[in-house]
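FYI, it's all coordinate maths here, none of it is from the lab. Treat the numbers as computed from the prediction; the structure is a model and nothing was measured. For neighbour counting, all protein chains shown are included, and Cβ atoms are generated from backbone atoms with ideal geometry for every residue, glycine included.
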Amino acid sequence: MRVLVVEDETTIARPLRRALEREGYDVSVCETGHGALKLARTWAPDLVLLDLLLPDMDGRDVARELRVSSQVPIIMVTARAEENDRVVGLEIGADDYVTKPFSVAELIARMRAVTRHLDTYRAYQVERELDLTHKEFELLRVLMLRPGAIVRREEMVRAVWNLLLAESGKTLDVHMSVLRKKLGDEARRPRYIETVRGVGFRLAVG
C-alpha cells in the first residue's frame, strides 16, 4: 500500500517513514502542500497522512484540492487539538484526525481502519453513484445492515473507527451530517437517516 506522508518536520517524518516501512508500507514523504498535490497526481497513493501546518499552504486547502479529483483516504496529523480544527478537517473530506504527539501503533490502527474497504466501496442512490469518502460509506453500510433498527452511537464508532464513543463522538456527528447532505436528507425531516436523540441512528424503511 502506498502512503503519502505530508510533513515538513524531519524529526517526525523520518522516524514515521521508518516505522511505516517496517510495517510493509511503500512510503513517500513530501514537505510542502504543492509538492504533495503534484505527487498525489503522479504517484497515486492509497492513503495520505496530512499535516495542517505546512510552509507553503494550509493543510486544509491541500485536502480540499485532493477532494476535487480523488477520494483517497486522508488522515490529518497535526498539533492542532482544537475541536473547530477537527470539525473543519472532517467537513472538507478528511477521514480521520490524529493529534500530535501520537503513538505509531494508534496511527497504524487508524490507517487500517480507513483503508479496510479500499477496493470494495461503492454506493448508489437509485441509479446515481454517491460520491462518498470511505468513512461515510462505512457509516451507511453499518446502517444498511440493520434497516429500521436503531444502531447505537457507541456501536457505530466502534464499527467504523474501532474507538470508544468518548474519543470520536464529535467525529461521528460531523460525518453523519455530511453523509446526510450527500443523500439529500434533512436532519429535521429525514427521509433516509433518522436520529434517535441520545441513543443513535436508524435507516428509515418503507
Residue by residue, what Karplus-based ³J(HN,Hα) values in Hz, rounded to whole numbers, does the stretch 126-137 have, using 6.51, -1.76 and 1.60 with θ = phi - 60° and x for Gly and Pro?
6, 10, 9, 6, 7, 8, 9, 6, 4, 5, 4, 4
Which residue, GLY24, ALA36, LEU107, has the largest displacement toward the positive end of the dipole of the stretch 2-114 when charges sit on each Cβ (Lys, Arg +1; Asp, Glu -1)?
GLY24
With bins 10 Å wide starting at 0, give me the P(r) of the stretch 2-114 over every alpha carbon pair, in whole percents.
15, 54, 30, 1
Could you give the dipole magnitude of the stretch 2-114 about its Cα centre, charging the beta-carbon of Lys and Arg +1 and that of Asp and Glu -1, in debye to the nearest 20?
340
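Starting from the Cα-Cα distance between THR32 and GLU155, subtract it from 0.36 nm times their residue separation and give me the gain in nm to one decimal.
Numbers: separation 123, 0.36 × 123 = 44.28 nm, distance 3.77 nm.
Value of the extension gain: 40.5 nm.
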Toward the positive end of the charge dipole of the chain, about the Cα centre and with charges on Cβ (Lys, Arg +1; Asp, Glu -1), which of ASN84, THR133, VAL205 goes farthest?
VAL205
Candidate values [x] -0.66, -0.73, -1.14; [y] -0.43, -0.51, -1.28; [z] -0.51, -0.61, -1.29, label of the one derived for log10 I(q)/I(0) by the Debye sum over Cα atoms at q = 0.10, 0.11, 0.18 Å⁻¹:
[y]
Could you work out the longest stretch of the chain that avoids the trypsin sites (Lys or Arg not before Pro) located in DSSP loops with at most 13 other Cβ atoms within 10 Å?
1-121
Viscosity 0.692 mPa s, temperature 37 °C: give me the Stokes-Einstein translational D for the stretch 67-110 in µm²/s, with Rh taken as the Kirkwood radius over C-alpha pairs.
296
